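Structure first, commentary second.
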Amino acid sequence: MIDRRTFVALGAGTALGALGHAHLPARSPRTGAGRLAALGVKPPAHLPYKGEAEGTSILTIFDPRSGQSQTTLLPIPEAHGLVALPGGGFAVLGNHRHALILDAALQPRLPLIAPDDREFGGHGVLVGGHLLVSLRTSRKQDEAHPGELLLLDLATGKVLDRRSSGGYEPHDMTTLRDGRIVVANYGNRRRSDLASYAALEPTLAFLSPRDLSLADVVKGPQLGALSHLSEGPDGRLALLPATLMALAPSAVKTVTQALGGVLPDLSAPEIIEQKIGAPSPVLTLDVATGTWRSFLVDPARQRRPQSLAYHPGVKAWFVTYPFSEQVARLGDDGEVTFCAGFAAGIPYVRGVAVLPGDDGLYVSGQFRGLARLDARDLAVTARFDVPLHDCTHLHALPT
């Protein structure tokens with residue numbers, strides 16, 4: 001069995017001399033077509049923090065070629081994930097009880113409310129022209145029920161099917177190239193599990209696209225809540241096991257021990273959220289063989305992962321670590337390199353996205369700022385001053 005200590009030890013033994021940027025020949029960047037979208041949160045008091053019961057959300061759509069952005073206020077709180085819909089428009093999914101269908105003109109068309117004592121998990125995918133969303137037990141309750149998936153009619157919001165998520169507290173999901181749907185379940189059976197992580201049961205559920213039946217459930221390493229995932233080459237998935245604790249002397253001591261006795265430098269994001277992030281690797285899973293691998297080459301720079309994207313042009317995954325303010329690149333060869341948020345001009349780096357036909361990647365700040373990095377070496381190629389209103393993820397929109 002591979003436990004947290006083993007993963008940290010394996011990762012810490014990796015050569016750290018390869019962490020700097022490679023010096024590659026200069027070239028003109030190839031910028032692809034497409035736009036970027038970010039969902040922010042605006043509470044009633046108009047202050048830049050989360051956690052209020054009511055409020056509006058903000059959708060920002062940005063065109064890197066023109067540098068122009070469009071901002072739309074949304075009448076739901078805590079918007080988190082975005083799904084582009086056929087024919088235009090979006091499904092906006094909250095990380096609470098609310099969701100919203102927007103038409104092609106970005107006007108609210110259909111509000112959605114989670115069933116009593118349930119909350120949306122913040123992400124979704126399209127299945128046969130319908131919307132599949134994750135559903136968890138309300139975090140106001142101490143004990144969690146097994147997670148569920150709802151298949152919703154986009155025209156009426158009617159529940160067409162209701163299935164097991166294959167675990168507790170489902171969050172992110174994606175459709176694989178072979179058509180199957182995979183769902184990442186945090187794994188917390190109790191609310192306290194998201195603070196201690198001692199009793200987590202993280203799982204990945206694979207569902208048939210034909211009838212949403214569970215084809216397989218894979219147990220994840222108990223390193224943290226399995227939050228976000230992205231498919232890469234050769235039937236491999238990358239996943240992020242998030243581990244964060246309330247900012248307190250005991251938690252600082254725990255992180256210090258995980259860093260080999262080195263006291264962590266608390267970042268502004270940690271002070272803002274009053275949480276501290278423990279070292280968290282990037283995990284990969286070979287779906288065919290069930291083989292897990294961990295990549296933790298620099299625990300101090302890999303604290304609290306957030307967003308994840310795969311770039312097929314360079315065969316690499318990219319991860320943001322907001323609590324250690326880093327962007328990490330995991331190459332197909334297993335090499336991990338970093339770019340500091342400071343170097344990219346992005347405080348509180350949070351989102352990451354890849355546009356089709358673009359040899360760069362885009363990263364976003366929590367409150368403001370976008371940067372374009374060369375996907376080969378993480379060199380900064382462009383910066384954009386865009387207000388993002390307390391956003392978590394960055395979404396690549398289809399052309």
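Bear in mind these aren't lab numbers, they're just calculated from the coordinates by the rules spelled out. Treat the numbers as computed from the prediction; the structure is a model and nothing was measured. Virtual Cβ from ideal backbone geometry, glycine too; neighbours counted across all protein chains shown.
So what is the relative contact order of the chain, in percent, for Cα pairs below 8 Å that sit 6 or more residues apart?
So the answer I get is 15 percent.
If one puts a single equal scatterer on every Cα of the stretch 70-240 and applies the Debye formula without solvent, what log₁₀ I(q)/I(0) results at q = 0.09, 0.12, 0.14 Å⁻¹?
Ignoring solvent entirely, the Cα scatterers give -0.29, -0.52, -0.70.
How big is the stretch 174-264 on each of its three principal axes, counting only the C-alpha atoms and giving the largest first in Å?
50, 30, 16
Can you compute the charge dipole magnitude of the chain about its Cα centre, using +1 on each Lys and Arg Cβ and -1 on each Asp and Glu Cβ, nothing else charged? Give it in debye, rounded to the nearest 20.
Here the size comes out at about 220 debye.
Using 1/(1 + (r/R0)^6) with R0 = 25 angstrom and r between the beta carbons of residue 195 and residue 113, what's the FRET efficiency to the nearest 0.05?
According to the calculation, E is roughly 0.35.
Over what distance in Å are the Cα centres of the stretch 165-197 and the stretch 241-295 separated?
Each part reduced to its Cα centre gives a spacing of 18 Å.
Determine the sum of side-chain charges near residue 140: Lys and Arg each +1, Asp and Glu each -1, restricted to other residues whose C-beta is under 10 angstrom from that of residue 140.
-1
Per-residue ellipticity at 222 nm for the chain, helices alone: DSSP H runs ≥ 4 residues times -39500 (n - 2.57), over residue total, nearest 500 deg cm²/dmol?
One gets -2000 deg cm²/dmol as the mean residue ellipticity at 222 nm.
With r defined as the distance between the Cβ atoms of residue 293 and residue 178 and R0 fixed at 35 Å, what FRET efficiency is calculated, to the nearest 0.05?
The calculated FRET efficiency here is 0.95.
Give the relative contact order (percent, whole number) for the stretch 186-232; include only Cα pairs under 8 Å separated by 6+ residues.
Once normalised by length, the contact order is 37 percent.
State the Cα centre-to-centre distance between the stretch 361-399 and the stretch 61-121 in whole Å.
19 Å
If packing is taken as the average count of other Cβ atoms within 10 Å, what order do 210-219, 163-172 fall into, highest mean first?
163-172, 210-219
Residues with beta-carbon under 9 Å from that of residue 284, excluding residue 284: net charge, scoring Lys, Arg +1 and Asp, Glu -1?
+1
Could you give the dipole magnitude of the stretch 130-287 about its Cα centre, charging the beta-carbon of Lys and Arg +1 and that of Asp and Glu -1, in debye to the nearest 20?
300 debye
Using only alpha carbon pairs under 8 Å that are at least six residues apart, calculate the relative contact order of the stretch 70-240 and give it in whole percent.
13 percent
Among 324-333, 228-237, how do they line up from the highest to the lowest mean number of other beta-carbon atoms within 10 Å?
324-333, 228-237
Taking 0.36 nm per intervening residue step and subtracting the Cα-Cα distance, what contour gain separates residue 272 from residue 141 on full extension?
44.6 nm
Determine, for each peptide in 75-82, 373-380, the mean count of other beta carbons within 10 angstrom over its residues, then list the peptides with the highest first.
75-82, 373-380
Calculate the spin-label point distance for residue 263 paired with residue 234, positioning each point 7 Å from the Cα along the beta-carbon direction, and give it in nanometres.
Each label point is offset 7 Å from its Cα along the Cβ direction, giving 4.4 nm.
With percent of Cα pairs over 37 Å apart in mind, check (1) 34; (2) 44; (3) 15 and report the label derived from this structure.
(3)
When Lys and Arg each count +1 and Asp and Glu each count -1, what net charge do the other residues less than 15 Å away from residue 330, Cβ to Cβ, add up to?
For residues surrounding residue 330, the net value is -2.
Hey, what's the per residue convex hull volume over the C-alpha atoms of the stretch 284-399, in cubic angstrom?
Residue-normalised Cα hull volume stands at 110 Å³.
Setting aside same-chain residues fewer than 8 positions from residue 219, which lysines have a Cα under 28 Å from its Cα?
Filter leaves 140, 275, 315.
Please work out the ratio of the alpha-carbon Rg of the stretch 320-378 to 2.2 N^0.38 Å and round it to two decimals.
Working it through for the stretch 320-378, the quotient is 1.05.
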